[in-house]
Each structure stands twice: as structure tokens, then as C-alpha cells.
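Asker: First the structure, which I've put down as C-alpha cells, then a few questions once you've had a look.
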Amino acid sequence: MYSQERKAEIINLLTQQTSVSVSVLAQTLRTSKETIRRDLSDLEADGILSRTHGGAILNSNPLHVSAGAKYHTSLLNNEYPFAQRHARNIPAKKKIAQKAASLIQDKDTIFIDNSSTTLFLMDYIPRNIQLTIITNSINVLLESAKIDNPHLSLISLAGFYNCTNYSLYGSRTIRSAAEFYPDKSFFSCTGVSLDKLLTDISLHEVDTKQAMMEKSRENYLLVDHTKFETASPFFLSSYDRIDCIITDKYDYPESVSRTLETITSKHNVRILIN
């Protein structure tokens, strides 16, 4: 298990319990106590948790961290750290990714963004198809190495490395994105609403997604039920640029159901629920 996977599991366990001990984590994750202590030290430095005697507790607001921590709430990049986002709503994200993967065809060229939902696509891509993946996500590259599928070709966009979210961004990323014309783009965002449309929390991520959406033949938005009727600081896209929204089964309130109906009828966007 990679370090980021362990850290995501640690965060997931801490969201379910008040605290967790080093011994329990080591046993659950099948690794040494020394490795767990290093992971906890990293997560504490990142402002996500606080170490206790023999264990750790999750911080109530992990975005409010010390000035020396590498995760911060700057306006340009105020995302939650990837490990924490990855640990949220995992069952729903897996179902969404499974449905999205079923839409990938042999010899497709696809773009996968750096969201925690689209990362699960790598688990469900059919092994018998030839596929080219373009991405700005370091995590996608690492997952492809772990899967070791000889039918996958990976292309990494250029750019500056974002050590908070394990992504590449910047003007070089945008320029390299202009070189490709994907058949399909799979991406996510943090807000879906009728008034603000599609919004995201990181300007760096928005720029890359927009660049690939402009070049892609079909655009697929992967969002779980928590993203509806929320808005983030940065505009990502109108619904007219989206071909399909893939979400999870949920007892949606009437307002969200109306939003989905409006998106379908007014903007001709398919809604797939899995």
C-alpha cells in the first residue's frame, strides 16, 4: 500500500472514530508501528490531525493550520489536501467511477483530472482495451504503475508540481494540454447548482480542466450527492459544455431533483445514476 493510500485510510478511520491508536492502525493497515508513526507525523505537519499519547485525533477544521504547514487556505488553492478528499464518500465514488469506466471504449484517448472521484476510474478500466490516458494527476500515474496494465499508455501534462494535491498546474500545463484532442474527459468539481453552475475550489485545477474540456469530444462530470446545491469560489463551466453527469443513488431532496431535471431538459445533459 502506498503512503498516500495509508494516509487516506487513516483519515477515513479517524472520521469514524474519536481517536485511533498506533497499534490499531498498524494492525488494520498491515504495516509497522514505525511506518504509522511517520504517517501520523506527516499528517500532523499537514494540519489534518493531532498526535496523542499512542495515537491521534482528527482536527476539527484541518484547513486552519499553522503558518509553517504546507497546506493552507490561500485564495488560489484552498482545496482540502488530496488524502482527506480521497477518504470521503468512498463507496459512492467507487460506484460513480465504475459507471464512468463502462463508457470507455477500445482505443479511446481520455483525460482524467486530479479529483479524488476520478482516481477510482483506474480500478475499473477494462484490461482488454487499448487506452491512452492524459492527466495532470500524479496519483493517476502512480495508480497506473500499481495496476501494471500493458494496454494503458500514460501521458503526463507538463507544469509546476503542487505538493498539496499531487497535481501539475500552471501555464506550461495549459500549453501542453493544447496539444491533445481527447475522445472523453472525466473530471469532478466541488459545486453544482443552477445559479452558480459548475464551480471549483482551486483556480489551478480549474484552468487545467477548462483547457481539456475545450479539446475533448465528450465531457463527463463525476460528482457524488454532496456536491449538489453548493458553490465554490471559482467558475468552472456552464452545463452547455457537459455531455453527461454521473452521480450516486441517493434520496435527493426535491430541490436537487428539480435541478437535475432542469439540467437535463434545458441543457440536454444526460444524468446517469449508479
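The values are calculated or read from the model by the stated rules, or taken from the named source; none is laboratory data. Remember, it's a predicted structure, so these values are computed and weren't measured experimentally. Positions of Cβ are backbone-derived with ideal geometry, glycine not excepted, and every protein chain shown enters the neighbour counts. Note: areas computed on protein heavy atoms with side chains; ligands, DNA, RNA excluded. Shrake-Rupley method; radii C 1.70, N 1.55, O 1.52, S 1.80 Å.
Asker: Every residue in segment 232-255 that is small (Gly, Ala, Ser) and crowded, with 17+ Cβ neighbours inside 10 Å, please.
Answerer: Hits for segment 232-255 are SER232, SER237.
Asker: Continuing with the same structure: For segment 94-125, name all the residues that are in a helix (DSSP H, G or I) and open to solvent by less than 10 Å² (accessible area, probe 1.4 Å).
Answerer: Within segment 94-125, ILE96, ALA97, ALA100, ALA101, THR118, LEU121, MET122 qualify.
Asker: Among the residues of segment 215-231, is any touching a strand residue (DSSP E or B) at 6+ places or on another chain (Cβ under 7 Å), over 17 Å from PHE111 (Cβ atoms) and open to solvent by less than 10 Å² (accessible area, probe 1.4 Å)?
Answerer: Among the residues of segment 215-231, at least one is touching a strand residue (DSSP E or B) at 6+ places or on another chain (Cβ under 7 Å), over 17 Å from PHE111 (Cβ atoms) and open to solvent by less than 10 Å² (accessible area, probe 1.4 Å), which makes the answer yes.
Asker: Kindly establish whether LYS209 is among the charged types (D, E, K, R) and under 17 Å from ILE242 (Cα atoms).
Answerer: Criteria met by LYS209.
Asker: For segment 202-225, how many residues are modelled with pLDDT of 90 or more and farther than 18 Å from ILE134 by Cβ?
Answerer: Matching residues across segment 202-225 total 3.
Asker: Shifting gears a bit: Looking at (1) touching a Ser or Thr at 6+ places or on another chain (Cβ under 6 Å); (2) under 23 Å from ASP108 (Cβ atoms), which is the only condition GLU179 fails?
Answerer: It fails just one condition, (1).
Asker: Residue by residue through segment 32-62, note down the ones that are in a helix (DSSP H, G or I) and β-branched (Val, Ile, Thr).
Answerer: Answer for segment 32-62, where residues must be in a helix (DSSP H, G or I) and β-branched (Val, Ile, Thr): THR35, ILE36.
Asker: Could you check how many residues of segment 163-177 are open to solvent by 10 Å² or more (accessible area, probe 1.4 Å) and touching a Leu at 6+ places or on another chain (Cβ under 7 Å)? Before you say what the answer is, go through the steps one by one.
Answerer: Our first condition is that a residue be open to solvent by 10 Å² or more (accessible area, probe 1.4 Å); within segment 163-177, this holds for 163-164, 166, 168-172, 174-176.
If we keep only those that are touching a Leu at 6+ places or on another chain (Cβ under 7 Å) as well, we get 168, 176.
Residues meeting the conditions: 2.
Asker: Look through segment 1-48, keep the residues that are of a type in the set (S, T, N, Q), open to solvent by 80 Å² or more (accessible area, probe 1.4 Å) and at pLDDT below 80, and return whichever of them is farthest from VAL140 (Cα to Cα).
Answerer: Among those residues, the one meeting the criterion is THR18.
Asker: For segment 183-200, enumerate the residues that are among the aliphatic types (A, V, I, L, M) and surrounded by fewer than 20 Cβ atoms within 10 Å (Cβ to Cβ).
Answerer: Here is the first cut: in segment 183-200, the residues among the aliphatic types (A, V, I, L, M) are 192, 194, 197-198.
Passing the criteria: only LEU194.
Asker: Being among the aromatic types (Phe, Trp, Tyr) and either open to solvent by 40 Å² or more (accessible area, probe 1.4 Å) or at pLDDT below 90 (or both) is the requirement here; does PHE180 meet it?
Answerer: So PHE180 fits the description; yes.
Asker: Additional query: Wholly within segment 166-274, which helices (runs of 4 or more DSSP H) include no fewer than the required count, namely at least 1 residues that are of a type in the set (Ser, Thr, Tyr) and within 16 Å of THR118 (Cα to Cα)?
Answerer: 203-215
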